[in-house]
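Written below as structure tokens is the structure these notes are about.
The values are calculated or read from the model by the stated rules, or taken from the named source; none is laboratory data. Quick caveat, the model's predicted, so the values are computed rather than measured. With ideal geometry, Cβ positions are generated from the backbone for all residues, glycine too; neighbour counts draw on all protein chains shown. We work out accessible area using only protein heavy atoms, side chains counted, and drop any ligands, DNA or RNA first. Shrake-Rupley method; radii C 1.70, N 1.55, O 1.52, S 1.80 Å.
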There are 4 protein chains.
Amino acid sequence: MPVLNDEVPDEGDYDASRRRGEFDNITPDDFIRGSGHGNPPGWMDSSEIDHVRREMPIVYVEIVPVRTDEFGRIDQVGTLLRVGDDSSIERTLITGRVLFHESLREAVARNISKDLGDIALPVLPVNLQPFSVAEFFPTPGVSRYYDPRQHAVALCYVVPIAGDCKPQDETLDVEWLSPAEVTRPDFLAQMPNGHDQIIRQAIAWAE
Amino acid sequence: MPVLNDEVPDEGDYDASRRRGEFDNITPDDFIRGSGHGNPPGWMDSSEIDHVRREMPIVYVEIVPVRTDEFGRIDQVGTLLRVGDDSSIERTLITGRVLFHESLREAVARNISKDLGDIALPVLPVNLQPFSVAEFFPTPGVSRYYDPRQHAVALCYVVPIAGDCKPQDETLDVEWLSPAEVTRPDFLAQMPNGHDQIIRQAIAWAE
Amino acid sequence: MPVLNDEVPDEGDYDASRRRGEFDNITPDDFIRGSGHGNPPGWMDSSEIDHVRREMPIVYVEIVPVRTDEFGRIDQVGTLLRVGDDSSIERTLITGRVLFHESLREAVARNISKDLGDIALPVLPVNLQPFSVAEFFPTPGVSRYYDPRQHAVALCYVVPIAGDCKPQDETLDVEWLSPAEVTRPDFLAQMPNGHDQIIRQAIAWAE
Amino acid sequence: MPVLNDEVPDEGDYDASRRRGEFDNITPDDFIRGSGHGNPPGWMDSSEIDHVRREMPIVYVEIVPVRTDEFGRIDQVGTLLRVGDDSSIERTLITGRVLFHESLREAVARNISKDLGDIALPVLPVNLQPFSVAEFFPTPGVSRYYDPRQHAVALCYVVPIAGDCKPQDETLDVEWLSPAEVTRPDFLAQMPNGHDQIIRQAIAWAE
């Protein structure tokens, strides 16, 4: 029974002890085998989530990781190199779905941890006002943001990274460049479907 | 075949002519009877949406309608009196789900129009940065926001209303009060589950 | 006795009746001739303000006037053509000093009225969080913003204009262009010293 | 020749090496004795600054120091106990004037350092959008903010403090309390003239 990668909490997870309401006594095992009396709450197999993706907007967080100086100014912006679904190399930001019963702060921390490793020491924002809300539509041209799989509403945050990055999973590398370098047209051209616009907005907002 | 009230576009709708991608040639009839070759894309019957509500966070907009003076200061805040699901009278703000392939701006305009009528003349914000993001969980106590039906992520906006209000549908009345009056503890006590907090934040943000 | 143009309230001013504390019984005449027992409070002659400009940061508002559609999206951005101090034509935004005992909202309204006329019908923002704070220094290169006369801290707002514009005073014309047009490099090159950056940030923030 | 306390840079200052344009070769000695050919640029004696305070709005920063948890949520809010001008004990936030040719980030860092000491390790915000702009008028009742000395425009920031606090100068103590405690009416009553409102707004904005 297929389980979406990021749906399975694990004992070693940084937030394994937090309270999750009805999820409190669910173990990863329940997610994989079911709990005897049906699947755990919130469980979605990949065919089901694919189905829902065509039916309602999905909540995402999208994170622009940065290195800042002692005055809070952005020194460097991080972008990720990953293996895409079609095995090509693509440049992205940190992005992920918010799970059922997961707070936005937890989703931000989890997705950073997943891509940059456990010692990245992200400095999460004091307030949750996103610098931008990016609306990805499955129809090209409706907005600057395009995602063929789904209609996603992505809350965008700039998050300073104070620790060390150890790229994880599908992330091959994290490249750190100055604000001037990441906003060069030839660099932004590597980030299609609106992720270039999110970088541009993050830099404009921070300066 | 039951259809959720707000899922059916109608020829007379203010935005009937906008492009909706794969929805372009769908008529309300298709929503009600199906299109012969299955239901239209995005169609959800009430049992299905109830199911999804227990599986993933749902995107909402929550709007604080206000009357402003010539300098943009809030003169009055509007709250709605509605008949709740259990037939009791409840006080609320304007709130609604964002539909598949609907932009946030369209969702804001549609939900205002649904509650306040077609000549409310809302002044939509120039930018979509919400003044707050309210996370409603189905488990009491996880956050200040509680919704027994679902995990909802509500983007909150203050929207000045320049026209006349004609309460519609389940909305019985719109009451306009000064910022000082709506932030009185006894008034806020009428708005449980965190909607009081959204009013409080809106006033604090605007002042 | 020289008096700075924008220091003199006038009976016909849109806000002539507002309360100004110790300024309440001051007439324009007092500003021009003095009140017998010395100059009125807040009075500054041009040599004095020039002196203060080299001693402390001066509070400014800088306004990006826009035309919006029914959904609040920016259709057009207005820029002003003016005769500069050296008689050359320059392209600017609406910008002005906040006066003693004047609120930011009043400064925004007054400066729009001064440049665009009395029937521009600006829609002032509900909250005063600026989309950017531009720090102009008298030393080139310290920041992106340069003003040889002074250190100015400019709170930047996007303000929709709902009425008609009648350029006033030094303003020769207001040109309305689409967001795509005003962010073209050749257009922005006409707005030196950081005003180009304010336009760029306004568009990035609003999209 | 009296010199305002916070006008004198010192060799040991954390930012002694930054470039200050025309201030670059000025020493503290010049401030105190004058440079032979008149006072240094930007120099203001107390009678002069008192005079300017009645003539134009003065730029301030006002900082709400907080302790945050690993998810960026506010755990505690710091308030300062100080000896006021009339020798009474008063409760305040961190607040100070922005100096000529000083950036907002430098003013935020300097004022935190002055009140909390050199090892407070403040985490300055990535962007300078204040959560509120407080307008203090010398006339009571014009706004929620009152300062008998001046018209001040204060840009308000929430700044997490990661290090240790060693109260300095006039600051006797820093008290750390939970958001629920600092927003209790009896506590806020200790912070008159609008500083209570800034705390209230900071908490509402962050939650």
message: Pull out all pairs, ordered by first then second residue, where Cβ-Cβ is under 8 Å, the residues are six or more apart or on different chains, the first lies in the stretch A:43-58 and is of a type in the set (Lys, Arg) and open to solvent by 10 Å² or more (accessible area, probe 1.4 Å), and the second is assigned to a loop (DSSP other than H, G, I, E, B) and at pLDDT 85 or above.
response: A:Arg53/A:Arg149; A:Arg53/A:Gln150; A:Arg53/A:His151; A:Arg54/A:Pro138; A:Arg54/A:Gln150; A:Arg54/B:Phe100
message: I'm checking my understanding of the structure. Among residues of the stretch D:185-204 that are within 13 Å of another protein chain (Cβ to nearest Cβ) and open to solvent by 50 Å² or more (accessible area, probe 1.4 Å), which one is farthest from B:Ile203 (Cα to Cα)?
response: D:Pro185
query: Across the stretch B:65-116, what is the number of residues that are of a type in the set (A, V, I, L, M, F, W, C), out of contact with any Gly (no Cβ under 8 Å at 6 or more places or on another chain) and part of a strand (DSSP E or B)?
result: 7
query: What is the number of the single condition among (1) assigned by TED's automatic domain parsing to the domain that holds C:Val174; (2) assigned to a helix (DSSP H, G or I) that C:His51 does not meet?
result: (1)
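Could you look through the stretch A:68-88, keep only residues that are within 30 Å of B:Ala154 (Cα to Cα) and more than 10 Å from every other protein chain (Cβ to nearest Cβ), and pick out the one that is farthest from the chain's Cα centre (by Cα)? Give the steps one after another, and end with the answer.
Start the filter on the stretch A:68-88 by keeping residues that are within 30 Å of B:Ala154 (Cα to Cα), which leaves A:72, A:74, A:77-80.
Checking the rest, the ones that are also more than 10 Å from every other protein chain (Cβ to nearest Cβ) come to A:77-80.
Details: A:Val77: 16, A:Gly78: 13, A:Thr79: 12, A:Leu80: 11 Å.
Going through the qualifying residues, I end up with A:Val77.
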message: Take the residues in the stretch A:170-184 that are within 12 Å of chain C (Cβ to nearest Cβ) and part of a helix (DSSP H, G or I); name whichever of them is most open to solvent (accessible area, probe 1.4 Å).
response: A:Ala180
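Could you check how many residues of the stretch C:141-167 are away from chain D (no Cβ under 14 Å) and open to solvent by 70 Å² or more (accessible area, probe 1.4 Å)?
So the count comes out to 3.
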- prompt: Do we have A:Arg91 as open to solvent by 20 Å² or more (accessible area, probe 1.4 Å), more than 14 Å from chain D (Cβ to nearest Cβ) and touching a strand residue (DSSP E or B) at 6+ places or on another chain (Cβ under 6 Å) here?
  reply: yes
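Can you tell which of D:Val158, D:Val126 is touching a residue at least 40 places away in the same chain (Cβ under 8 Å) and either in contact with a helix residue (DSSP H, G or I) (Cβ under 9 Å, 6 or more places away or on another chain) or not assigned by TED's automatic domain parsing to the domain that holds D:Arg73 (or both)? Step through it out loud before you land on a result.
Details: D:Val126 fails: touching a residue at least 40 places away in the same chain (Cβ under 8 Å).
Just a single option satisfies the conditions, and that option is D:Val158.
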Unique match (being modelled with pLDDT under 75, aliphatic (A, V, I, L, M) and surrounded by 14 or more Cβ atoms within 10 Å (Cβ to Cβ)) among D:Ile26, D:Ile32: D:Ile26
